[in-house]
Amino acid sequence: MSRRTERVGSTIQQELAQIIMRELNDPRLTGMPSITRVKVSPDLSIADVYITVMGTPGQQNAALNALRHSAGLMRTKLTGQLTLRQAPYLKFHIDENLKKELEVLDLLRKAREENEELERKRAEADSPGRAESDELEEHQEKSE
């Protein structure tokens, strides 16, 4: 991505967040949608907007449909706010990368917990052995 497309994508992300928060009154937007990233085509004609929505998969799909339905209105508002002749066509997508990242983090957390449990069990297993060896050494010292 060029520097210009990155700047336009960042600006679109900020402006869309404001439009969604202040101007959209769709009842299907129950969970507050968050725009995770905006990817703009090199010719600035299409902007892929990736969102996450807290809630059930049904609520996520309803919010995605509401945003897709309002894409024309948001594009019109963007045209007035951007310094472009024409705002890019908006395509909304659920951000699957975030789901994958959360799954990986959950797996890492589980692995860490399992490692801690194994280390705790090893420490418990070593403790009685140490106590017995310490007693044996004390007994040998006394007998000498």
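Throughout, read-outs are computed from the coordinates displayed, never taken from laboratory work. Note that the structure is a prediction, hence the values are computed from the model and not measured. Every residue, glycine as well, gets a Cβ built from its backbone with ideal geometry; the counts of neighbours run over all protein chains shown.
Highest mean packing comes first when the peptides 111-118, 85-92 are listed by Cβ atoms within 10 Å, giving 85-92, 111-118. Taking every alpha-carbon pair under 8 Å whose residues sit at least 6 apart, segment 1-70 reaches a relative contact order of 32 percent. The simple spin-label model puts a point 7 Å past each Cα toward its Cβ; for Lys91 and Arg112 those points are separated by 3.7 nm.
If the chain linking Asp48 and Thr79 were pulled fully straight, counting 0.36 nm for each residue of separation and taking away their Cα-Cα distance, it would gain 9.5 nm. Answer with a single label: of (i) 31.6, 129; (ii) 28.3, 98; (iii) 22.2, 67, which was calculated as Rg and Dmax of the Cα atoms in Å from the structure in view? Recomputing Rg and Dmax of the Cα atoms in Å here gives the entry labelled (ii). By DSSP, the beta bridges lying fully in the chain are antiparallel in about 55 percent of cases.
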